[in-house]
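Worksheet for the structure shown next.
Where a number appears in this text, it was derived from the coordinates with a stated rule and is not lab data. In this text, all values refer to a predicted model and were calculated from it rather than measured experimentally. For neighbour counting, all protein chains shown are included, and Cβ atoms are generated from backbone atoms with ideal geometry for every residue, glycine included.
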Amino acid sequence: MEEIDRLIEKSLEGEKLATARLISMVERGDERASYILRKVYPHSGKAYYIGVTGPPGAGKSTLVDRLVKLFCVNDYSVGVIGVDPCSPFTGGALLGDRVRMNIKHKEWDVFFRSMSAGRVMGGLAKTTKEASRILDASGRKIIIIETVGVGQSELDIAQATDTVLVVLVPESGDSVQVMKAGLMEIADVFVVNKADRPGAENIALSIQGMLDRSLRKREWKPPIFLTSASLNKGLDQLYDGVWSHYRHLHHDCRLETRRKAQLKNELRQLIEAQFSEVIWRNIINNSKLEELVEDVWEQKIDPQTIARKIVREQLRDTFENNTVG
Ligand SMILES: Nc1nc2c(ncn2[C@@H]2O[C@H](COP(=O)(O)OP(=O)(O)OP(=O)(O)O)[C@@H](O)[C@H]2O)c(=O)[nH]1
Ligand SMILES: [Mg+2]
């Protein structure tokens, strides 16, 4: 048996080290990555995916840490992926998180992994999804993905998980800001953390007000929990709240609908990525683009026509030479 097959087999049996090695390969864009993903895919899809997002420093990691413990106490195997959308230079904090969590959970069988933009080849969202599938196939029943809610990352987390926890703090400011961040739309469960500080009730009320005023018809009304992760307060209620969303998803094929919508998006992105790779392969190699610019500049041809022509030629060449990978 090939070494890679042995590694895959061990990971599927739940061995942590093998799983970690597979994830590393996928992360750095190893040539065996697509083989690995093809082999593990049929074994994935059994885990419950939970996303945790919110502003920097809201207490997400502390909260995840507490939730992990509750899942472990209840005999669930857990995998955690911490996503750092920032550059490798600011990635130090996350590594700190991971180490801290690892120490706390020495007694539990938890798989922790951090992903940072600086290390990952081929897109953080894509790699996070791939890594979580490997974890899923390795038998982790609960997969938690933590990401800082800045910009695109919170939308990505909604694309990759079954239940999204949006963590806010009393300082999160007025509700308008919450809405601007796009967090309102993706939240399945709201958490007002650091409830030991003043203003927690107020922010909970303004979230509630916004939910009530929201025009969108919702099958699920996102509950709001007040927690104090560092003081271990409100965690049991939150834990139950997460499971109630899980139960909601298991009625009327909602989970299936959600995951299929995610798959549709994923496929669209992958097809687009492959398509543009095929299109650009030769054009970039031949530095043909400059020549085309000259033609357009001299008004020999218009941009629309040339773009269409290029795509047509490129696709024809690709299929005739049978170079589609
Ligand atoms: N007062 C108070 N502090 C808290 C609470 N939860 C977490 N903290 C503190 O807030 C700080 C940030 O906590 P983290 O868990 O690292 O926050 P985070 O959201 O994961 O941070 P990033 O991943 O860097 O965005 C730490 O010093 C925690 O001890 C809480 O409920 N109350
Ligand atoms: Mg964190």
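Modelled label positions at GLN304 and TYR41, each set 7 Å beyond Cα in the direction of Cβ, lie 3.7 nm from each other.
Counting 0.36 nm for each residue step from TRP108 to GLU294 and taking away their Cα separation leaves a gain of 60.6 nm.
Among the GluC sites (Glu not before Pro) in segment 214-292, those located in a DSSP loop and surrounded by at most 12 other Cβ atoms within 10 Å of their own Cβ are GLU219. For GLY82, the amide hydrogen comes within under 5 Å of the amide hydrogens of ARG113, SER114, MET115, GLU146, counting only partners 5 or more places away or on other chains and with H modelled in the peptide plane.
For helix 60-73, report the angle its Cα long axis makes with the longest principal axis of the Cα atoms of the chain; keep it between 0 and 90° and round to the nearest 10°. The angle comes out at about 70 degrees. Note on the chain: helix-only mean residue ellipticity at 222 nm, from DSSP H runs of 4+ residues weighted -39500 (n - 2.57) and normalised by residue number, equals -17500 deg cm²/dmol. Distance between the 7 Å Cα→Cβ label points at TRP220 and ASP236: 2.4 nm.
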